[in-house]
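Working notes, beginning with the structure itself.
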Amino acid sequence: KEVHASARFAPARLGNDEFETPELPFVERRDGRAFKVMKPLNLDQATPSAILEHANRWQFRLAELRRRRLFEGRFLFAVDGPNDDDKRYKAFDDARGLLTNAQADVVSYANKEAVLDFALRD
């Protein structure tokens, strides 16, 4: 199953000359357009504000792609972050909310089943 999923995705940038993302590791294209994207995102930064700033950067990128109609597909962030007993957890939880607000699915990086389900679902 995993081999089948990985065959559908390749690294690519989203956007155009006016606005472009850094290279994303898992982009599925259909009819020459990005259809589905998966992006692992480490939100285990040292401070709550660093966690929020990192998520905000990606939230902005995705929101801007959508605003400019450069990407209208499905986007998944597979996130890793502090445990719920960590003082940074509230920031991590807020960061996941920022990403969800940008019309992205957000799952735990450790939840391989959810990532695979996203990859294989049409």
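The values are calculated or read from the model by the stated rules, or taken from the named source; none is laboratory data. Here the structure is a predicted model, which means the values were calculated and not measured. All Cβ positions, glycine included, derive from the backbone under ideal geometry; neighbour counts span all protein chains shown. Keep in mind that these areas ignore ligands, DNA and RNA; they rest on the heavy atoms of the full protein, side chains included. Shrake-Rupley method; radii C 1.70, N 1.55, O 1.52, S 1.80 Å.
Residues that are open to solvent by 50 Å² or more (accessible area, probe 1.4 Å), over 14 Å from the mean Cα position of the chain (by Cα) and at negative phi within the range 51-71 comprise LEU52, GLU53, ARG67, ARG68, listed in sequence order.
Does ASN42 meet the test of being at pLDDT below 95, of a type outside the set (Lys, Arg), farther than 17 Å from ALA119 by Cα and open to solvent by 50 Å² or more (accessible area, probe 1.4 Å)? For ASN42, the condition - at pLDDT below 95, of a type outside the set (Lys, Arg), farther than 17 Å from ALA119 by Cα and open to solvent by 50 Å² or more (accessible area, probe 1.4 Å) - is not met. Here is the figure for the range 72-122: residues that are open to solvent by 80 Å² or more (accessible area, probe 1.4 Å), free of Cβ contacts under 8 Å to residues at least 60 places away in the same chain and within 11 Å of the chain's Cα centre (by Cα) total 1. For the range 64-106, the set of residues classified as among the basic types (Lys, Arg), in contact with a Gly (Cβ under 9 Å, 6 or more places away or on another chain) and either farther than 15 Å from PRO48 by Cα or part of a strand (DSSP E or B) (or both) consists of ARG68 only. Here PRO48 clears all of (1) open to solvent by less than 40 Å² (accessible area, probe 1.4 Å); (2) in contact with a Lys or Arg (Cβ under 7 Å, 6 or more places away or on another chain) except the condition numbered (1).
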